[in-house]
Amino acid sequence: MNVLHIHWIPTQTEDFVQPGKFYLWVETDPVPGRKSPGLHPSHLRKEALAEFLQINFSIKADGFNRKLAESMVRQSIFLPALNEKPLPSLELLSRSADEDAGEPGNLASWQIDSYPLDAPIRSVREIHFLASYQSDEIVLGRDFLFWSYFTQSLRQVILKDQYIPVLLYRDTKSRAQPKRYEFYPAWQIQSERYEKLIRDAVGWIPPACANGFDKESLLRHCGEVLIGESLRALNKKLPASFIKQVKDSALEVFCSESGIKPSSGSGLEAVRQWHGWRQKLTGKQDEAGFHLCFQLNEATPDHADSWSLQFQVTSRKDLSYKVDLADYWRMNHTERSRIENQLGPDFEKHLLLLFGSAARSYPSLWSGLECEQPTGLPLTLNEAFDFLKESAWILEDAGFRVIVPAWWTPQGRRRAKIRLRSAGGSRGTVQGPGTAGLSIQALLDYRYELSIGNEPINREEWSQLVEAKTSLVHFRGQWMELDRDKMQAMLTFWQEHGEEGGRISIADLVKKLAEENDTFEVDPEDSLNGMLSKLNDPSRMEVVENPKQLRAELRDYQKRGVSWLLFLENLGLNGCLADDMGLGKTVQVIARLSVEKSEGKSDTPTLLIAPTSVIGNWQKEIERFAPYLNSLIHHGSGREQDPEAFQQHCSAQDMVITSYPLIRMDAKLFNLIEWQRIVLDEAQNIKNPKADQTRAILRLKAKHRLALTGTPVENRLLDLWSIFNFLNPGYLGNPSQFRKNFEIPIQRDHAPLPSITLKKLVEPFILRRLKTDRNIIRDLPDKVENKQYCNLTKEQASLYEAVVDDVAKRLDASEGIERQGLMLSTLMKLKQICNHPMQFLQDGSAFTPKRSHKLERVIEMLEEVISEGDSVLVFTQFTEIGENLTNLLKRVHRWNSYYLHGGTSRSKRERMIAEFQSPDTEASIFILSVKAGGVGITLTKGNHVFHFDRWWNPAVEDQATDRAFRIGQQKNVFVHKFVTLGTIEERIDKMIEDKKTIAQSIVGNDESWLTRLDNDTFKQLIKLNKQNVVD
Amino acid sequence: MNRFTKTWWGQRFIEALESFTGAGRLQRGRSYAGNDRIKKWQIIGGLVKAEVRGNVNPYFGVYQEPTYRTSMQLKAISATHWNNLIKIMSSRAGLIAKLMTNEMPETIEKAFVQSKVQLLPENSRDFDVRCSCPDYEVPCKHVAGLCYRLASQLDRDPFLLFELRGLSRQKLQEALAKSALGQILATTLGDQSDLPSATDSYYTRPKAAKVPDTIDPKAFWTGEKPLPKEIEAANPNRIAAVLIKKGGDYPAFWDKQSSFIFVMEEFYERVRKGAQI
């Protein structure tokens, strides 16, 4: 593994100008041996670093160095070390299985080869962005992540023009010439936001980044150098026309290409001037106990120039306390002094100072102040427009309150748009030609209209507006802004296309409205709009009845989910159900199929493609909730291979369940059928568009398509694109268009607009309910229990069978304590096998998810939980599982995890708990042995509880679950119990569920009640049902 | 604009001087405005007195470096008028607000019109200038130098104009104190912009901090608080150069006729588009 680190290293100098640079270096896995004193033993040396950067990040040598390796610089940095070796950083440490690897080390200075970054703000962003495309073997260190956040936040200073030129002076203080001054032009950051960033960053910065410096001064140094250098680097690109404008002015030295130099021709007087100017920008408004407000009052249509600005003040303490200045001046002395209580002392003095500073930003204001008691200012129409367009923003930014008429606000603004209406009467015609294709594309007939503020408008009126001479017009009872150029363009468009109208698919319509939101709208009265608003807000959907045959009572949000599926499919659209884990996506799909079956609407089955680890769960849930649905699992070596027979088997089914890899392997079979619907469970499995598996899935034919996922897919753009490529091919463009239009601007440049557009594009097709939504919480009990059923792998099955055969022979021959012992040890062995073959074999073989579907499923679900930012408790009875699982999570997945077992010391236990519970700790996994973690521990940060294996005693399990579910828990707790199908686990689970069979009293404190069963019952109990084996 | 004054009132003062001074004297006068020539100067009761270092000039019979006594006085406004004027000023919030920001309001002359007096000098009738130098022409270059010097002083201190017109600072404060608005101005008089202190380093200098002897890797690689997950979207402002627009246009250091704000707007825009960030 390679871990990318960067260090901000100030140049070592006492000079007046002390620059600094970012140096990038790459840490590698520790290598034994190879030591040279002081040199970091496991990092990429200059040749290797150059090669690494060239290959992975396309970094090339600059003009001066023919080879990139020549650009590398040796730097020294502080790192903690043990036994004269630097300790690996956390990313590497988490792979280390050694429990004591987190022990403290001595801080010492180490030498590393590093690459100095040019244009660091941009370079850091690009490397960060590109690193997410690299293999998991390239990881960004925490120091990199911190500096990345810090440098990217600095961009705001530049994008918001929050820096100003200033003139610094320096007393060179030589003995020969005391009071000899040098004057330097400098860019100074002047920003509240920046000051907050510095304050916050002092808390965020890891000691590794501070590298022996005081945090705040280092951060300020970095911020000032980066901003200053970014600005000065631009001077080379300033065109002659601009240089001419600043020639012979005080700004000329700021635009010089010659770097930082003292400027001649300045003096202390100039410093005073610059300083005085700067003080005007900073202002002293916070001293006043109130805000000065400017309220724009609109003119009546007959007197278009009778606008006015009204002066008001509001209390800082209580924003609802507002006084009109006109009222204030009318008050007598006592009334005024009462007001001072609300608005703070020296009211009139502060008022005047504020007026003075406001008038500097908005010079027209002076004319409103030509009296003793200013109350307001009349404005002409043009002045009012200028105020709205610009001055209001400046005043607001300068800390004044500005109140504008509602029609100017984004919500209240009327816009000129081209409107789409469904053609042929007021009802929309939705046609769904059942042509055999990828999916049904319902087509809408529509025509265009011109509209303003949701009202249709004819061409004459429109033309009149376009020809109006003012920018604000009074139109149909209200003022509005005119953008004549845009309106002219719309008129032209309408003249070209207006009469004809056309046909459009709903997906294309949604796309048009998302991408050209400023130009197009849908008639709100039109049925089209009703449909679109349901798409955009599923809570408006009528809720279906609970399907009659379904043996489950759907929760309200689940009913809405089923309605949503129905609604989309009726429109010929394909969606993605992305509810949080634990909210029951499976049951919603089963309900959808139940409705379909009762309506007798499908000729062919639904094809469900799922990861192998959940196939059993699907089957089990169908059995439980909808036994009337015929389902077939197409999996394993015994699966049907004959095309004709396959078709025949399928025709009798409502659902065919298979796994991802088989789609490609048995493509010939699957392509024979035009499926009623393809459902992708854990749809992020198709995220690689080039994989054969993905291509095979895209080739399948079906009427409907549905994707299921529990990961927050909106934030993972690649997953999102892939899922949409399955649902609505072409909707988000091809991969390179998508990358250009969305991925790079959103993920690299953090641009807000494309992400809004993307959200509008995908939102109608994704239903994602979070377990934290208030509506959902209302529907949920505090504790939600789910069973997760998984199959045995072939390896597990053969081990299991061998144990069962063996015990069957020996059971009849034994009696008393021996018999009891045999039964208990058998139970133990079978549990071990259900967990993982390695646990049973005790042979040190690999603890891989491949060998156990249960482990595979646990890992998949943990990933989902962690990606949602939740923490989780995992209970197991076995230390082997605890240890191996901890290693796997740390080493392979690099999740923050803790393991508490019987041997954990008390102090360590307390430290782990405190760390896990701390709100500052990232989402983590806490693994506990049932016995060690059973009592007296509060772990309320975990809102998911996994029972990896079962303690055949509900009381013990509940007690464990209560670690999370106790006082202090703010969230719903999701309990997931893992049960292997066709084994003792499934059968005992059923017995416990079925309280008639086993009274609570029989079930004691342990599992010994099982030994009271007679031999045949016991054999039945442990028997393996081979149908449930899936490889 | 010239290099001595950037304010409109300083400019008007200079224009009045220039209306009755010969071009040659003016030009030479400009080099007499600095500290190397004006050895000391003071204002007593509206009279500006200075000692100016002259040149050796055999033509005029000056063989040793001379020091001339130069003085300048503006026509005083009478006390009764002043009382009246201050009353008018104190009734205009805008005038007071602007004066509080240490600027002479453009509309101040309007307030003086009623009393038929002027605050700003207009021509030779407003000036009484003297110099001990042998130059036969009045005003001489020494007077011109002193006036240029005064103009730049006026930029920084517009209240000096009241003093030159015969109203001492003390009296100004007393008169202002009589009205509510004036009282407010009186309390802020004298708040001058100071010289900032000299800087020791161009950028904030990173200070060394003591590193602990031992540290565990987790504490070493993580901050005290967790880093936020999402970086805030990079939203440019809707209006360019909002910050500097708060300072108004034509700041004191800006010598050009063209708008400072306009130039800065273009600069900011170029940066937003072109900077490698």
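Classify region A:543-665: rounded, prolate or oblate, from the alpha-carbon gyration tensor (a ≥ b ≥ c, eigenvalue square roots; a/c under 1.5 rounded; otherwise prolate if a/b is larger than b/c)? Prolate, because a/c is 1.5 or more and a/b exceeds b/c. In region B:48-100, taking the dipole from charged Cβ atoms about the Cα centre, the farthest positive-side position among B:Ile77, B:Asn57, B:Thr67 is held by B:Ile77.
In region B:80-171, Rg over Rh equals 1.03, where Rg is the alpha-carbon radius of gyration and Rh the Kirkwood radius from pairwise Cα distances. Here region A:335-372 is scanned for amide nitrogen atoms under 19 Å from the site 7 Å beyond the Cα of A:Asp318 along Cα-to-Cβ, giving A:335-347. The modelled label-to-label distance between A:Lys740 and A:Lys548, using points 7 Å beyond Cα along the C-beta direction, is 5.6 nm. The shape of chain B can be summarised by an equivalent ellipsoid whose semi-axes, obtained from the alpha carbon gyration tensor, come to 48, 28, 20 Å from longest to shortest. Annotation: region A:522-574 has a Kirkwood hydrodynamic radius of 12.1 angstrom, from the mean reciprocal C-alpha pair distance. Extension gain for the segment A:Ala468 to A:Lys236, taken as residue separation times 0.36 nm less the Cα-Cα distance, is 79.1 nm to one decimal. For region A:239-270, GluC sites (Glu not before Pro) are listed when DSSP marks them as loop and at most 15 other Cβ atoms sit within 10 Å of their Cβ; the list is A:Glu257. Here the extension length gained between A:Asp782 and A:Asn382 equals 138.0 nm, from 0.36 nm per residue of separation less the Cα-Cα distance. Per the Kirkwood formula applied to alpha carbons, region A:356-410 shows a radius of gyration over Rh ratio, Rg over Rh, of 0.96. The distance from the alpha carbon centre of region A:18-77 to that of region A:778-850 is 52 Å, rounded to a whole number. Which of B:Ala151, B:Ala76, B:Ala208 ends up with the largest GNM mean-square fluctuation for chain B, with Cα atoms connected below 10 Å? Result for chain B, Cα springs under 10 Å: B:Ala208 fluctuates most. Taking other Cβ atoms within 10 Å as a rough exposure proxy, A:Val874, A:Val930 sort from fewest to most as A:Val930, A:Val874.
For chain B, a Gaussian network of Cα nodes joined below 10 Å ranks B:Pro196, B:Pro58, B:Pro134 by mean-square fluctuation, and the top entry is B:Pro196. Computed from the Cβ-Cβ distance with R0 of 30 Å, the FRET efficiency linking A:Glu818 to A:Gln959 stands at 0.40.
Taking a ≥ b ≥ c as the square roots of the eigenvalues of the Cα gyration tensor, region A:702-776 is oblate, since a/c reaches 1.5 or more and a/b is not larger than b/c. Here r is the Cβ-Cβ distance between A:Thr282 and B:Lys40 and R0 is 56 Å; the resulting FRET efficiency, rounded to 0.05, is 0.95.
Write down Rg/Rh for region A:678-740, rounded to two decimals, with Rg from the C-alpha atoms and Rh from the Kirkwood relation over Cα pairs. Answer for region A:678-740: 0.93. FRET efficiency for the pair A:Asp445 and A:Asp518, taken as 1/(1 + (r/R0)^6) with r the Cβ-Cβ distance and R0 = 22 Å, rounds to 0.35.
In this label model, A:Asp692 and A:Trp407 are separated by 6.6 nm, measuring between points 7 Å along each Cα→Cβ vector. Region A:872-977 has equivalent-ellipsoid semi-axes of 18, 17, 14 Å, by the square roots of 5 times the alpha carbon gyration tensor eigenvalues, sorted largest first. With the convex hull of the Cα atoms taken as the outline of region B:169-277, the averaged projected area works out to 15.6 nm².
Across all Cα pairs in the protein assembly as shown, the calculated P(r) in 20 Å bins from zero up to the longest distance comes to 8, 27, 31, 21, 9, 3, 0, 0 percent per bin. Of the DSSP beta bridges with both residues in the protein assembly as shown, give the percent that are antiparallel, rounding to the nearest 5. So the antiparallel bridges in the protein assembly as shown amount to around 60 percent.
Entry note, chain A: the mean residue ellipticity at 222 nm calculated from DSSP H runs of n ≥ 4, each adding -39500 (n - 2.57), is -11500 deg cm²/dmol after division by the residues and rounding to the nearest 500. Of the trypsin sites (Lys or Arg not before Pro) found in region A:444-520, those that fall in a DSSP loop while having at most 10 other beta-carbon atoms within 10 Å are A:Lys469. Largest GNM mean-square fluctuation among B:Leu146, B:Leu227, B:Leu74, using chain B with Cα springs under 10 Å: B:Leu227. If the chain linking A:Ser308 and A:Lys196 were pulled fully straight, counting 0.36 nm for each residue of separation and taking away their Cα-Cα distance, it would gain 36.6 nm. Computed over the alpha carbons of region A:439-495, Rg followed by Dmax gives 14.5, 51 Å. The GluC sites (Glu not before Pro) of region B:186-277 that DSSP puts in a loop, and whose beta carbon has at most 16 other beta carbons within 10 Å, are B:Glu224, B:Glu230, B:Glu232. Given axes a ≥ b ≥ c from the Cα gyration tensor, I'd like to know whether region A:275-365 is rounded (a/c under 1.5), prolate (a/b larger than b/c) or oblate. Verdict is oblate for region A:275-365.
Where a number appears in this text, it was derived from the coordinates with a stated rule and is not lab data. Bear in mind the structure is a predicted one, so any value in this text is a computation, not a measurement. Please note: Cβ atoms are built from the backbone with ideal geometry, for glycine as well, and neighbour counts cover all protein chains shown.
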